[in-house]
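Presented below is the structure to which this report refers.
The values are calculated or read from the model by the stated rules, or taken from the named source; none is laboratory data. Bear in mind the structure is a predicted one, so any value in this text is a computation, not a measurement. Every residue, glycine among them, receives a Cβ derived from its backbone with ideal geometry; neighbour counts consider all protein chains shown.
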Amino acid sequence: MTTTSTDKNRVQVFDTTLRDGEQSPGAAMTFEEKLEVADCLDALGVDIIEAGFPISSQGDFDAVSEIARRVKNASVCGLARAGFKDIDRAAEAVKHAQRPRIHTFISTSPVHMKHKLNMGANAVLDAVGVSVSHARKLVDDVQWSAEDATRTERDFLCRCVELAIRSGATTVNIPDTVGYATPQEFYELIQMLFNRVPNIDKAVIATHCHNDLGLAVANSLAGVLAGARQVECTINGIGERAGNAALEEIVMALKVRGDLMPFTTGVNSTLLSKASKLVSNVTGFPVQYNKAIVGKNAFSHESGIHQDGMLKNVETYEIMRPETVGVKETSLVLGKLSGRHAFKDKLANLGYELADAAFEDAFRRFKALADKKKNVFDDDIAALVDDEIGRAQDLIVVKGLKVMTGVGIPPSAEMTLTIEGKDKTAEVTGDGAVDAIFNAIRELYPHTVNLQVYQVKAVTEGTDAQAHVSVRLEEDGRTVIGRGADTDTLVASAYAYVNALNKLLVKRRKQAPETLNVAQ
């Protein structure tokens, strides 16, 4: 069924990767990484970017302010609790945006009001009216959320929504904060609001669904079917606990199933894969292989029956083409005889645009990789370039590494680091090869941090596959992710740890304490 797009069936995409997504334990981003993600989201075509929680820290305030200045198309939103200080701080942070929005909220469920707020129903109602009215004096676009709405008494929720709209809210958000609702329940909740709140036509109704039971996307779509015209979501579905509704899944569900859901978004779906990869890289959270839309296996077919069907007609086992989400069908194209032009063309196809110096460095590493590997896949090239970009601004550089290990041999690492232009070398032992490498780094550049996560995954298949290593370091509440890729896992480990250490050095100088976590 073909449906002409109108305002009535246009669904606004509200992305909260930089706010709720960053609240995932260990997913904190640096100032520069937040700007990079914001630029990507703006290019992707999301309608609203929730850039952060400005009052939580100076670092978050600065990030929201800079995002507000640089975003060209999307509205930029700052989160605020139902207090004047929060709201004023958010207004200050987003004031330079072309379309600033303040998002204020308060809990409305009995369990939250009693145990979290220690407030009665009348006090919460007063806070709703006062906070929304104050926010509306500062910006024209105000969003109000009823935290834990799905566990809120229906009569009270209706009173809160009506008051928020009367006080000036242009968008009212109905969150399933703990991922408790089922699609039918959520549909009926939104329908109930449309039927019972007299001024509901004066605001856009939004969904914000968590994934504790794996129903976040289903609940969000149920909300749209019931009349909601804004969905809150994150790239890769990252967020607190089990995460949020995944942006890429919502967008493609609406795109593919327009016969049942005749709604449109402004998202350019061909950029979904690129956005997924960027968020995975900056957070250090790998995308599961079987993840819908953007997982490595989302368009892979190994079963003989499936392959036979695909060769006869791709529609036998694919309901969408990989190109629609930015996935290239080709995988093996380049080798050691490939030249700069072919390499540059491949980078463009993969969504990379490098400056001349960065391109030459990447090409040099590609040629070195091609000499080591029999087959060079797209994923190999992407890992190589991502690693190059990640280490471009490093103050500490791995110059040399020799590791000795084996049965009956104490593991040791001889390492040379270039630190602010000077080479330093040390030979150190450890409980294992990786421990020896990390001890060598600590010997050459003394520091005290907590190694929280060390992850290794193969970029492609085979014994000559590149290893992609992620390291998470923590110091005084500051958390950073370091990445490294190489055909030698130990070399990749050294690259990843040093990359994380460099990011921590930058964060020491620039970033205020870790942002305050806020659920919705």
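So which residues in region 182-199 are surrounded by fewer than 18 Cβ atoms within 10 Å (Cβ to Cβ) and either modelled with pLDDT under 95 or closer than 26 Å to Gly129 by Cβ (or both), if there are any at all?
Gln191, Met192, Phe194, Asn195, Arg196, Pro198, Asn199
Any residue at all in region 470-477 that's under 22 Å from Lys296 (Cβ atoms), of a type in the set (S, T, N, Q), outside the structural domain of Lys34 (by TED's automatic domain parsing) and out of contact with any Pro (no Cβ under 6 Å at 6 or more places or on another chain)?
Among the residues of region 470-477, at least one is under 22 Å from Lys296 (Cβ atoms), of a type in the set (S, T, N, Q), outside the structural domain of Lys34 (by TED's automatic domain parsing) and out of contact with any Pro (no Cβ under 6 Å at 6 or more places or on another chain), which makes the answer yes.
Which residue is surrounded by the fewest Cβ atoms within 10 Å (Cβ to Cβ), if the candidates are limited to region 280-298 and must be among the polar types (S, T, N, Q) and not in a loop (DSSP other than H, G, I, E, B)?
As a first pass, look at region 280-298 and keep what is among the polar types (S, T, N, Q): 280-281, 283, 288, 290, 297.
Going one step further and asking which of them are not in a loop (DSSP other than H, G, I, E, B), we end up with 280-281, 283.
On the way: Ser280: 19, Asn281: 23, Thr283: 24.
So the residue we want is Ser280.
With respect to Val471, determine if the residue is modelled with pLDDT of 90 or more, under 20 Å from the mean Cα position of the chain (by Cα) and closer than 29 Å to Asp20 by Cα.
Numbers: modelled with pLDDT of 90 or more: yes; under 20 Å from the mean Cα position of the chain (by Cα): yes; closer than 29 Å to Asp20 by Cα: yes.
Criteria met by Val471.
Looking at region 325-344, which of the residues that are loosely packed, with under 14 Cβ neighbours inside 10 Å and among the charged types (D, E, K, R) is modelled with the lowest pLDDT?
Here the answer is Glu329.
Report the residue count in region 462-509 for those that are over 30 Å from Asp60 (Cβ atoms), small (Gly, Ala, Ser) and part of a helix (DSSP H, G or I).
3
List the residue pairs whose Cβ atoms are under 6 Å apart, where the first residue sits in region 463-474 and is buried (at least 21 other Cβ atoms within 10 Å of the Cβ), the second is of a type in the set (D, E, K, R) and outside any strand (DSSP E or B), and the two are 6 or more positions apart or on different chains.
Gln466/Asp380
Take region 392-428 and flag every residue that is within 30 Å of Glu360 (Cα to Cα) and assigned to a loop (DSSP other than H, G, I, E, B).
Across region 392-428, the qualifying residues are Ala392, Gln393, Asp394, Leu395, Glu420, Gly421.
Among the residues of region 430-461, write down those that are within 24 Å of Phe366 (Cβ to Cβ), in contact (Cβ under 8 Å) with a residue 12 or more places away in the chain and assigned to a loop (DSSP other than H, G, I, E, B).
Val459, Thr460
Only residues in region 93-118 that are among the hydroxyl-bearing types (Ser, Thr, Tyr) count as the first member; pair them with residues that are crowded, with 21+ Cβ neighbours inside 10 Å and part of a loop (DSSP other than H, G, I, E, B), Cβ under 6 angstrom, at least 6 apart or cross-chain, and list the lot.
Once the first residue is among the hydroxyl-bearing types (Ser, Thr, Tyr) and sits in region 93-118, its partners that are crowded, with 21+ Cβ neighbours inside 10 Å and part of a loop (DSSP other than H, G, I, E, B) give Thr104/Ala82; Ser107/Asp148; Thr108/Thr152; Ser109/Asp148; Ser109/Thr152.
Is there a residue in region 30-44 that is in a loop (DSSP other than H, G, I, E, B), out of contact with any Lys or Arg (no Cβ under 9 Å at 6 or more places or on another chain) and assigned by TED's automatic domain parsing to the domain that holds Met252? Let's see the steps before the verdict.
Of all residues in region 30-44, those in a loop (DSSP other than H, G, I, E, B) come to 30.
Now drop any that are not out of contact with any Lys or Arg (no Cβ under 9 Å at 6 or more places or on another chain), which leaves none.
No; the residues of region 30-44 include none that is in a loop (DSSP other than H, G, I, E, B), out of contact with any Lys or Arg (no Cβ under 9 Å at 6 or more places or on another chain) and assigned by TED's automatic domain parsing to the domain that holds Met252.
Leu44 - would you say it is surrounded by 24 or more Cβ atoms within 10 Å (Cβ to Cβ) and either at pLDDT 95 or above or on the phi < 0 side of the Ramachandran plot (or both)?
Working: surrounded by 24 or more Cβ atoms within 10 Å (Cβ to Cβ): yes; either at pLDDT 95 or above or on the phi < 0 side of the Ramachandran plot (or both): yes.
Against the criterion (surrounded by 24 or more Cβ atoms within 10 Å (Cβ to Cβ) and either at pLDDT 95 or above or on the phi < 0 side of the Ramachandran plot (or both)), Leu44 qualifies.
Is it the case that some residue within region 23-36 is among the aliphatic types (A, V, I, L, M), at pLDDT 90 or above and either over 10 Å from the mean Cα position of the chain (by Cα) or surrounded by fewer than 24 Cβ atoms within 10 Å (Cβ to Cβ) (or both)? Don't jump to the end; show me each part of the working.
Within region 23-36, the first condition is being among the aliphatic types (A, V, I, L, M), and the residues that meet it are 27-29, 35.
Filter once more, keeping what is at pLDDT 90 or above: 35.
Cutting the leftovers down to either over 10 Å from the mean Cα position of the chain (by Cα) or surrounded by fewer than 24 Cβ atoms within 10 Å (Cβ to Cβ) (or both) gives us 35.
Yes: region 23-36 contains one or more residues that are among the aliphatic types (A, V, I, L, M), at pLDDT 90 or above and either over 10 Å from the mean Cα position of the chain (by Cα) or surrounded by fewer than 24 Cβ atoms within 10 Å (Cβ to Cβ) (or both).
So Ala368 clears everything in (1) over 30 Å from Asp476 (Cβ atoms); (2) not assigned by TED's automatic domain parsing to the domain that holds Lys346 except one condition, right? Which one?
(2) is the only condition that Ala368 fails.
When Leu417 is evaluated against the numbered criteria (1) buried (at least 18 other Cβ atoms within 10 Å of the Cβ); (2) over 20 Å from Val385 (Cβ atoms); (3) touching a Gly at 6+ places or on another chain (Cβ under 9 Å); (4) modelled with pLDDT under 90, which criterion, by number, is the only one it fails?
(4)
Condition first: more than 11 Å from Asp88 (Cβ to Cβ) and assigned to a helix (DSSP H, G or I). Now tell me which residues in region 132-145 satisfy that.
Of everything in region 132-145, those that are more than 11 Å from Asp88 (Cβ to Cβ) and assigned to a helix (DSSP H, G or I) turn out to be Val132, Ser133, Arg136.
May I ask you to list the residues in region 47-70 that are part of a loop (DSSP other than H, G, I, E, B) and either surrounded by fewer than 24 Cβ atoms within 10 Å (Cβ to Cβ) or basic (Lys, Arg) (or both)?
At the first step, the residues of region 47-70 found to be part of a loop (DSSP other than H, G, I, E, B) are 47, 53, 57.
If the condition is that a residue be part of a loop (DSSP other than H, G, I, E, B) and either surrounded by fewer than 24 Cβ atoms within 10 Å (Cβ to Cβ) or basic (Lys, Arg) (or both), then Asp47, Ser57 are the ones that fit.
Is there a residue in region 242-262 that is among the basic types (Lys, Arg), over 23 Å from the mean Cα position of the chain (by Cα) and more than 19 Å from Ile205 (Cβ to Cβ)? Give the steps one after another, and end with the answer.
Initially, region 242-262 is screened for residues among the basic types (Lys, Arg), giving 255, 257.
Then keep just the ones that are over 23 Å from the mean Cα position of the chain (by Cα); that gives 257.
Those still in the list that are more than 19 Å from Ile205 (Cβ to Cβ) too: 257.
Within region 242-262 (the criterion being among the basic types (Lys, Arg), over 23 Å from the mean Cα position of the chain (by Cα) and more than 19 Å from Ile205 (Cβ to Cβ)), the answer is yes, since at least one residue qualifies.
When only residues in region 158-181 that are farther than 13 Å from Val204 by Cα and aliphatic (A, V, I, L, M) count, which is surrounded by the most Cβ atoms within 10 Å (Cβ to Cβ)?
Ala181
Taking the options Val385, Val403, name whichever one is buried (at least 20 other Cβ atoms within 10 Å of the Cβ) and in contact (Cβ under 8 Å) with a residue 60 or more places away in the chain.
Numbers: Val385 fails: in contact (Cβ under 8 Å) with a residue 60 or more places away in the chain.
Of Val385, Val403, the one residue that is buried (at least 20 other Cβ atoms within 10 Å of the Cβ) and in contact (Cβ under 8 Å) with a residue 60 or more places away in the chain is Val403.
Among the residues of region 76-117, how many are farther than 21 Å from Arg154 by Cβ and in a strand (DSSP E or B)?
11
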